[in-house]
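Everything on this sheet refers to the single structure shown next.
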Amino acid sequence: MTTAPPAADRSPGPSEWQSAFDAAVAAEERIEPRDWMPDAYRATLVRQIAQHAHSEIIGMQPEANWITRAPSLRRKAILIAKVQDEAGHGLYLYSAAETLGVSRDELLDKLHAGTQRYSSIFNYPTLTWADVGAIGWLVDGAAITNQVPLCRCSYGPYARAMVRICKEESFHQRQGYELLLALSRGTEAQRAMAQDAVDRWWWPSLMMFGPPDDRSAHSAQSMAWKIKRHSNDELRQRFVDICVPQAASLGLTLPDPDLRWNEERGRHDFGAIDWEEFSQVLKGNGPCNEQRISQRRRAHEEGAWVREAASAHAAKRRARETAPTGRLPGSTTGRPADRTAAPKGAPAS
Ligand code: 3HC
């Protein structure tokens, strides 16, 4: 934020800080960690960024399920790289959240306790290899549609993290599309497997964008703060419009009998989303909620020794960097000088 709060020879009052913040948001300036910000803005960012970070690391599970069974070395290498990218996205996002004064440990505790959410989409199972393609094409495709506008989020660290994440997600989306294309051009059984995966992932992908606008608790305020740039329904519509021609190129159908082009709107109409299913998944009653969270808790517990070792190593390095060198004047070795050695230049005995 470059708009200076009105402070000259006195401390500004709360309304002056607020006005400076509002002016910075209106002028499309970035809010940075040390800038003043309203408590509710900070809390909204922590909620959204934490939920996003949790989604990235929980999202590693459904795809990791297929690493050992990928059909070729090439597919395995791609899948490993993708799952690893998701871990990296989690790290960028936890770091962005930490700039708001919360710690990663605190956020992970909340995820494990079930008091912070992760995306509904990762509570569905990956039953066949084609699901890896459907996740790439639809889930990562939905994620990109939602996340490209977040590169313009008013909060600097989140916006900057999103730039790299979106580049990587774009690769993820393409590999999913290419995988489905290979299956749809393969044997009849492979084509059927691709179609079945698309049938199962289509509706949950539309739910990723969140509840309809008239039931979205946070959208209006988040858009006023320029955290979100578009409403849930706007982005969902954009995603449907992108997917329809892509499905046709894949030779696959989207499982919605009401899906059709609306000449008047210049957009596709689509069928009703089962919001009851979405609500059940959010309440923890999706097909894989329990499995995902218990596996995450177990991974966290089993990784305790790695975190302890990394902390011990960091502490050792810090101590080494701050400790006095122990070097005596004139010594170049860093070891105490050999007091029995003859001083430099002394005649040899
Ligand atoms: N899954 C779980 N919870 C969801 C949800 C979803 N798909 N969509 C909405 N919700 C929750 C909200 O968190 C909120 O819950 P709360 O009040 O208890 O916190 C409630 O439903 C109401 O929804 P709102 O529309 O009011 O919430 P938001 O304004 O936060 O909008 C959002 C929801 C569009 C998901 C927004 O938070 C967002 O854009 N988040 C950043 C992107 C993100 O989190 N993506 C995760 C997708 S997966 C991913 O990125 C991994 C990649 O590898 C595919």
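The values are calculated or read from the model by the stated rules, or taken from the named source; none is laboratory data. Since the model is a prediction, treat every value here as computed from it, not as a measurement. We place every Cβ from the backbone using ideal geometry, glycine too, and count neighbours over all the protein chains shown. To get the accessible areas, we keep the full protein, side chains included, count just its heavy atoms, and leave off ligands, DNA and RNA. Shrake-Rupley method; radii C 1.70, N 1.55, O 1.52, S 1.80 Å.
When +1 charges are put on Lys and Arg Cβ atoms and -1 charges on Asp and Glu Cβ atoms, the dipole computed for segment 207-262 relative to its Cα centre reaches about 260 debye.
For segment 1-132, the dipole from Cβ point charges (+1 on Lys and Arg, -1 on Asp and Glu) about the Cα centre works out to 740 debye, to the nearest 20. Seen from all directions on average, segment 118-162 presents a Cα convex hull projection of 3.7 nm².
For the options P287, P257, P212, a Gaussian network treatment of the chain with springs between C-alpha atoms closer than 10 Å singles out P257 as fluctuating the most. When the accessible area of segment 278-327 is split by element with a 1.4 Å probe, what percent falls to carbon and sulfur? That fraction is 53 percent. Pairs K76/K316; K228/K316; K82/K228; K82/K283; K76/K167: which are spaced more than 32 Å apart, C-alpha to C-alpha? In this structure, K76/K316; K228/K316 lie more than 32 Å apart at Cα. Heavy-atom surface analysis with a 1.4 Å probe gives segment 1-120 a carbon and sulfur content of 55 percent of its accessible area.
Between the listed residues L181, M208, L73, the Cα displaced farthest toward the positive end of the dipole of the chain, a dipole computed from Cβ unit charges relative to the Cα centre, is found at L73. If you sort the three axes of the alpha carbon gyration tensor as a ≥ b ≥ c, you get a/c of 1.5 or more for segment 138-212 and a/b no higher than b/c, which makes it oblate. Rounded to the nearest 20, the Cβ-based charge dipole of the chain about its Cα centre (Lys and Arg +1, Asp and Glu -1) stands at 1900 debye. Computed from Cα atoms alone, the Kirkwood hydrodynamic radius reported for the chain is 23.4 Å. By accessible area, using a 1.4 Å probe on protein heavy atoms only, segment 143-220 has 57% of its surface on carbon and sulfur.
Between amide H atoms placed 1.01 Å from N, distances below 5 Å from I31 occur with Y155, G156, all of them 5 or more places distant or on a separate chain. Springs join every pair of Cα atoms under 10 Å in this Gaussian network model of the chain, and among D269, D140, D85 the largest mean-square fluctuation is at D269. Selection among A197, S95, V240 by position relative to the dipole of the chain gives S95 as farthest towards the positive end (Cβ unit charges, Cα centre). Karplus-based coupling profile of segment 258-274, in residue order and whole Hz: 8, 6, 7, 6, 10, 4, 5, 7, x, 9, 8, 7, 9, x, 6, 7, 7, with θ = phi - 60° in 6.51 cos²θ - 1.76 cosθ + 1.60 and x standing for Gly or Pro. Surface analysis of segment 208-268 yields an accessible area of 53 Å² per residue, using protein heavy atoms and a 1.4 Å probe.
Here is the list for segment 169-272: trypsin sites (Lys or Arg not before Pro) lying in DSSP coil, each with at most 10 other C-beta atoms within 10 angstrom of its C-beta, are R265.
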